[in-house]
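To start, the structure under review is shown below, and the notes come after it.
The values are calculated or read from the model by the stated rules, or taken from the named source; none is laboratory data. Computed from a predicted model, the values in this text were never measured in an experiment. Glycine gets a Cβ as well: all are built from the backbone with ideal geometry, and neighbour counts include every protein chain shown.
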């Protein structure tokens, strides 16, 4: 990506309309130019998206390292975020390397996350509308917040102090996002509201699991390719529940969180499917902000009895759904059988929890 002084937005190849939006632009085969910036698509990004949405093995990690090197000098936030995730994932799975090498690769990935966050904030402030992603800076901030947990895992020991510190940082990000939800609603900004509400439910799912402060089982955001439906759509997921033992990943469980779920969603997703307004809420308190307020107050020690009940109900339900999902039949054909990411049949989850049956009466 290069910076140029350009007086107006211009599609250098007119067959690709500007209205496609940021995500589509980064996947297009055409060059674009807009107010002071021009960029051409990087094929490494498309290569990354075409990979299965599971943690890779050693061979895949080598490919990820190459993708990282091809994207790390880019300026487009989505490209740089991808460079970061490629390096972080490779560092987590490259157990054939020594720990200092893995940590160096991990830190390079985290550096890309920071760069992506800073650039997206600049885009959101002054770039054309199709380059704006309202919740993207919050998502990058959540990646950064979770990084100490993953770094200490590579080192072979996750201290309880790190679990607590990471939880507090994630909680603060969720609270900042809740402020944006309220502001977007007040301003009638529907697009921003939708992004922040969706992210809010995802944060609640992560916090519901991690408030147990377990060093051996915790939730993290999914890799950037896992949240994209361009390829391998049925593998799409928002969170990963990590089970680890002294730095060795035992199993990774994908979780897809939707505020509401259509029949099509029930049929499509192979990850553990969680309905935000149903499974991450209680009767009469369906907003993401309601559950977050209960989780926050409970952690801070200021909760009412009702708020404590909400926090416990949501956590117990998430862990119960996770247990039922893991008890389901392993779907080996969904992705590589060699991956630590395991997809299961959702039948037992649907039988024990409302709102997930594929056929609605």
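Within the stretch 337-356, being surrounded by fewer than 21 Cβ atoms within 10 Å (Cβ to Cβ) and over 26 Å from residue 93 (Cβ atoms) holds for 347, 348, 350, 351, 352, 353, 354, 355. Within the stretch 86-105, the set of residues being part of a helix (DSSP H, G or I) and either in contact with a strand residue (DSSP E or B) (Cβ under 8 Å, 6 or more places away or on another chain) or modelled with pLDDT under 95 (or both) comprises 92, 93.
No other residue among 301, 332, 247 is out of contact with any helix residue (DSSP H, G or I) (no Cβ under 9 Å at 6 or more places or on another chain) and closer than 30 Å to residue 61 by Cβ apart from 332. A residue that is without any contact (Cβ under 8 Å) to a residue 40 or more places away in the chain and under 26 Å from residue 215 (Cα atoms) can be found somewhere in the stretch 120-143. Considering the stretch 62-85, and only residues there that are touching a strand residue (DSSP E or B) at 6+ places or on another chain (Cβ under 9 Å) and either assigned to a loop (DSSP other than H, G, I, E, B) or more than 14 Å from residue 224 (Cβ to Cβ) (or both), the residue that is modelled with the lowest pLDDT turns out to be 75. Could you list, in sequence order, the residues of the stretch 310-329 that are crowded, with 19+ Cβ neighbours inside 10 Å, touching a helix residue (DSSP H, G or I) at 6+ places or on another chain (Cβ under 7 Å) and either within 17 Å of residue 256 (Cβ to Cβ) or in contact (Cβ under 8 Å) with a residue 60 or more places away in the chain (or both)? Scanning the stretch 310-329 gives 311, 314, 315, 318, 321, 324, 325. Under the condition of being under 20 Å from residue 335 (Cβ atoms) and at pLDDT 90 or above, the residues counted in the stretch 245-269 number 10. Residues of the stretch 165-183 include none that is surrounded by 19 or more Cβ atoms within 10 Å (Cβ to Cβ) and either out of contact with any helix residue (DSSP H, G or I) (no Cβ under 8 Å at 6 or more places or on another chain) or not in a helix (DSSP H, G or I) (or both). Every test in (1) buried (at least 24 other Cβ atoms within 10 Å of the Cβ); (2) in a helix (DSSP H, G or I) is passed by residue 192 save one, and that test is (1). Here residue 249 passes the criteria (1) buried (at least 16 other Cβ atoms within 10 Å of the Cβ); (2) more than 16 Å from the chain's Cα centre (by Cα); (3) not in a strand (DSSP E or B) except the one numbered (3). With respect to residue 256, is the statement that it is under 19 Å from the mean Cα position of the chain (by Cα), free of Cβ contacts under 8 Å to residues at least 24 places away in the same chain and either in a strand (DSSP E or B) or buried (at least 23 other Cβ atoms within 10 Å of the Cβ) (or both) true? When the stated conditions are applied, residue 256 passes them.
For the stretch 266-287, what are the residues that are within 18 Å of the chain's Cα centre (by Cα) and over 17 Å from residue 316 (Cα atoms)? Passing the criteria: 269, 270, 271.
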